[in-house]
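Here the structure is laid out as structure tokens; the discussion comes afterwards.
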Amino acid sequence: MTSNEPTALLQAMTRRRFLRWLLYSAAAASTCGVVAFAWMKRSPLDQVAVPVGQQSLSAAEYHLFRRAAAVLLPTEGRVFAPLAQIPVLENIDSMLALLAPAVRDELSIGLALFDHGALVSGWHGKRFVDLNNAQALDYFDRWATGNTIQRTLATVVKKMVYVAYWRDANTWPAIEFDGPVSDRWGLASLGNAPLPTDQEKRS
Amino acid sequence: MKTEKVFFSDSVGAEARKEGLDVTQGRTLSGDVNLSADVVVVGSGAGGAVMAYELARAGLRVIVLEAGPYVPSSEFSEDFTESLERLYADHGSQTNKDGDLLVLQGACVGGSTVVNGCVSFRTPDFILRDWQEQFGLSALTPEEMEPYFRKVERNLSIEENAGHEIARHSQLALAGAKALGWSVKPFKRNIRDCALTGHCLSGCKTDRKQSMLVTYLPWAVAHGAKIFSDVTVTQVISRAGQARGVIAEAKDSSGTTVANIRVDAPIVVAAAGAVQTPLLLLRSDLANGSDQVGRNFACHPSMYVGARYPEPVYAWRGALLGVYIDEFLPPEKGGFILEAGGLGAVEMTLITEPGSGEAFLDYMEDAKYYSGLVTLIHDHNVGRIGWDGDNKRVDYQLADVDFDSMLRAIKAAAQVHFAAGAEEVFVPSTKPLRIRSVEEIDQVLSELSNAPQVLRMVSYHPQGTCRMGSDPDRSVVAEHGESHDISGLYVADASLLPTSIIVNPQVTVYALASRIADQLIARREQYLGNASKGSGESG
């Protein structure tokens, strides 16, 4: 398993599947009334500025991952490096910047779906970014056992947050992970292997 | 139009550089560049490097074009996430269409051999027999392949792990298998004086791993071969059924094309791996009279079955891969193997679903107590590689019969863990599933179904997309590696394998490429005329 798997998973979400899911979502939302849906999808965070200099993250995505990290990594009072001291959002931003444009486009749709899905999934009536901690954790856990799209999105968001945190060397001492060792151990390079000497005669 | 003169040195009395590699980096080129050679090799991994060396040693003028960058081993970081982004295809994000199978391939000079785990198996005899019976590969007998296996094993310092190379995670697997009475053996690996860093998958910073980067590629250069990095081949050129060379693009680090390259050569060797080679042939609209190019994709979908032990394991310490359990290798016994392997902090977050929030941090707090077994199965060739517009597409869904094999492999891994004293086993699924005793195994695994995004799978061994065979209607290339349709077009990578081989395929590819090189050299007059005969090294 690898760190970029989460973003890779987004290739699972073909446009056709998204359209179908969005259709279902829209149908469900219509039962609440179009006006109410439009009102509910707004978040106070929409008015909150995000740091400048993001390569890839939109403002909405920034708020989503910030909320997800806070819920998924409650490091306060534990042995782990405090979340606030690890550049999780910056790491996610640079990971996303490496994606192929087509995959990145689908990821944008998927993240918007994950955020807005809380309006109808669980009948929270508000976006993921506005759920309280208990609701947000419950949202992750229910999507982890939901349909294919839900499992994919919950997995993507979680893995991106985990990788963005644990790729930072400051998180390693808490679990006694050694990280790079060759330079620390003073290992010498053996260089290239010598040319084979016992070469067989050509036919 | 700029024509670059490439000077090929005399191979007699050749000496390899002590370290590093002479590579022309494509990012330094500009405009239109025309080159000519006897052979152009597409890809510098297991197949391409061996072909380049053997052909250059025989006196042929060889150019190697590698799409990935040249990264000297001194620049390897031993940081897995950084390595994925720098050394692997699609920055480590290559996946199937459903997104539940990560397909990891090296994308740098030396290819996957730079970032693999050094595991070195010969092709099992029963696999070669299947190939003879099902695909008419009558010459590929164990006896025929023996000298090729022996040769690459000697050249790459392939030896069985010594006692100090069996790290704690592998000692546990050894103990578990022995307690169950199952066959377990130390791996053979292509490594010299392993430094036990555990960072094989990030490249070997001190050149102990005998990858192509420090063996066949510098040897090929010593015999006059020229290597270009950052060069993506976009088309194989042919005329009247004969290969004529390739068209390629040199790119800078941002992926922008900086030069258009044409290499005129009567022999083209496609060795870009089982994903890129079929894509190249499909884009070239060549060699596909059988309609088999890109079909028959298999990949050894693997999982990491982790477990928590009562004593610290530190799964990141010591040689990455120590022992393997081959009790179930024969297809009639299951057709899978279990490999004891280490892993680092980031990978630990990805192998299972421990729950969210505090539950996840509880899981990570015990990281040093975890160990694991990698499962490899004999999957069927049900996948397909192709184009979706300008994007590559990897179609692969587990066949139901292969899903059953995956479950049997997880069950066997759990049995080994419990026999070795594990307290609980983590199911490699997207659901939060744990097994706490042998008695629970079947019940917990019954919660899994064969659907997308259920298992957490990785493929390190894509194969089968330009299969060998004697029948031009059912295969892409002949037994000697040459296209059935295009004279002078050879395939020399894991695309060749007609079926999955269960075990790690690097030695199979090295050996097949060595044999194909011999076959090509024996036919070289056909492409180059009499002038080619007698040049180069003869012993």
Worksheet entry | Calculated diffusion of region B:24-156, Stokes-Einstein form, Kirkwood radius summed over Cα pairs, 10 °C and 1.306 mPa s, µm²/s | 90
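Please report, in debye to the nearest 20, how large the charge dipole of chain B is about its Cα centre when each Lys and Arg carries +1 at its beta carbon and each Asp and Glu carries -1 there.
So the dipole magnitude of chain B works out to roughly 1160 debye.
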Discussion item. Need the list of aspartates and glutamates near residue B:251 for cross-linking: C-alpha distance under 12 angstrom, and skip anything on the same chain fewer than eight residues off.
Written reply: B:66, B:230
Item to complete: Would you list, by chain and number, the lysines whose Cα falls below 25 Å from the Cα of residue A:126, excluding same-chain residues fewer than 8 positions away?
Response: A:41, A:158, A:159
Practice prompt. Note down the nm distance, to one decimal, between modelled labels 7 Å out along Cα→Cβ at residue A:42 and at residue B:15.
Written response: 7.8
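Suppose R0 equals 41 Å. What FRET efficiency, 1/(1 + (r/R0)^6) with r the Cβ-Cβ distance, do residue B:333 and residue B:283 give to the nearest 0.05? Show your work: numbers first, answer last.
Details: r = 41 Å, r/R0 = 1.01.
Working from the Cβ atoms, E equals 0.50.
Compute the projected area of the convex hull of the Cα atoms of the protein assembly as shown, averaged over all viewing directions, and report it in nm² to one decimal place. All intermediate terms of the calculation are to be shown ahead of the outcome.
On the way: hull surface 126.0 nm².
Dividing the Cα hull surface by four gives the mean projection, 31.5 nm².
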Worksheet item: Modelled label-to-label distance, residue B:253 and residue B:431, 7 Å Cα→beta-carbon offset: nm?
Response: 4.6
Discussion item. Could you tell me how far the Cα centroid of region B:44-83 sits from the Cα centroid of region B:335-391, in Å?
Written reply: 28
Discussion item. Treating only the Cβ of Lys, Arg, Asp and Glu as charged (+1, +1, -1, -1), what charge dipole size does the protein assembly as shown show about its Cα centre? Round to the nearest 20 debye.
Written reply: 860
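Suppose only helical runs count, i.e. DSSP H with n ≥ 4. What mean residue ellipticity at 222 nm does that imply for chain B under -39500 (n - 2.57) per run, divided by all residues and rounded to the nearest 500 deg cm²/dmol?
Working: 13 runs with 133 residues, N = 539.
My calculation for chain B gives -7500 deg cm²/dmol from helical runs alone.
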Response to the item:
Rg (one decimal) and Dmax (whole number) from the Cα set of chain B, in Å, equal 22.8, 74
Worksheet item: Assuming R0 = 45 Å, what is the FRET efficiency of residue B:401 and residue B:154, from their Cβ-Cβ distance, to the nearest 0.05?
Response: 0.70
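Which three numbers, in whole Å and largest first, are the semi-axes of the equivalent ellipsoid of region A:65-203 derived from its Cα gyration tensor as √(5λ)? Spell out each step's value before the answer.
Values: eigenvalues 350, 106, 33 Å².
Gyration-tensor ellipsoid for region A:65-203: 42, 23, 13 Å.
Using a Förster radius of 30 Å, what is the FRET efficiency between residue B:141 and residue B:185 based on their Cβ-Cβ separation? Nearest 0.05, please.
Values: r = 24 Å, r/R0 = 0.80.
The computed FRET efficiency comes out at 0.80.
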Practice prompt. Answer rounded, prolate or oblate for region B:104-194, using the Cα gyration tensor with square roots of eigenvalues a ≥ b ≥ c: rounded when a/c is under 1.5, else prolate when a/b is larger than b/c, else oblate.
Written response: oblate
Worksheet item: By how many degrees, between 0 and 90 and to the nearest 10, does the Cα long axis of helix B:506-522 differ from the longest principal axis of chain B?
Response: 20
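What full-extension length gain, to one decimal in nm, is calculated for residue B:525 and residue B:22 as 0.36 nm per residue of separation minus the Cα-Cα distance? Show your work: numbers first, answer last.
Values: separation 503, 0.36 × 503 = 181.08 nm, distance 2.93 nm.
That works out to 178.1 nm of additional length.
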Worksheet item: In the protein assembly as shown, with Lys and Arg counted as +1 and Asp and Glu as -1 at Cβ, which of these residues, B:92, B:338, A:197, has the Cα nearest the positive end of the dipole, that is, farthest along it?
Response: B:92
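Looking only at region B:1-122, where both bridge partners belong to it, what percent of the DSSP beta bridges are antiparallel (to the nearest 5)? All intermediate terms of the calculation are to be shown ahead of the outcome.
Numbers: 2 of 8 bridges.
If we restrict to bridges inside region B:1-122, about 25 percent are antiparallel.
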Response to the item:
For the pair residue A:104 and residue A:58, the simple spin-label estimate (label points 7 Å beyond Cα toward Cβ) gives in nm 1.4
Item to complete: Mind checking which lysines have their Cα closer than 17 Å to the Cα of residue B:205? Skip sequence neighbours fewer than 8 apart in that chain.
Response: B:18
Fill in: Lys, Arg +1 and Asp, Glu -1 on Cβ, resulting dipole of region A:92-203 about Cα centre, debye, nearest 20
260
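Checking the a/c ratio against 1.5 first, then a/b against b/c, what shape does the Cα gyration tensor give for region B:152-219?
Values: a/c = 3.24, a/b = 2.00, b/c = 1.62.
It comes out prolate by the Cα gyration axes.
For region B:199-268, just say rounded, prolate or oblate: build the C-alpha gyration tensor, square-root its eigenvalues into a ≥ b ≥ c, call rounded for a/c under 1.5, and beyond that prolate if a/b exceeds b/c, oblate if not. Present the calculation step by step, with values, prior to reporting the outcome.
Values: a/c = 2.73, a/b = 1.58, b/c = 1.73.
Since a/c reaches 1.5 but b/c is at least a/b, the shape of region B:199-268 is classed as oblate.
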Practice prompt. State the answer as a single residue: which of B:282, B:187, B:73 lies farthest towards the positive end of the charge dipole of chain B, with beta carbon charges of +1 for Lys and Arg and -1 for Asp and Glu, about the Cα centre.
Written response: B:73
Worksheet item: Restricting to the protein assembly as shown, what percent of DSSP beta bridges are antiparallel, rounded to 5?
Response: 65
Worksheet item: Toward the positive end of the charge dipole of the protein assembly as shown, about the Cα centre and with charges on Cβ (Lys, Arg +1; Asp, Glu -1), which of B:172, B:417, B:315 goes farthest?
Response: B:315
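If packing is taken as the mean number of other Cβ atoms within 10 Å per residue, what is the order of A:51-57, A:75-81, highest first?
Values: A:51-57: 12.7, A:75-81: 14.4.
Peptide ranking by packing, descending: A:75-81, A:51-57.
Coordinate-derived values only; no laboratory data. Everything quoted here is computed from the prediction, not taken from an experiment. Counting neighbours? That spans all protein chains shown, and the Cβs are built from the backbone with ideal geometry, glycine included.
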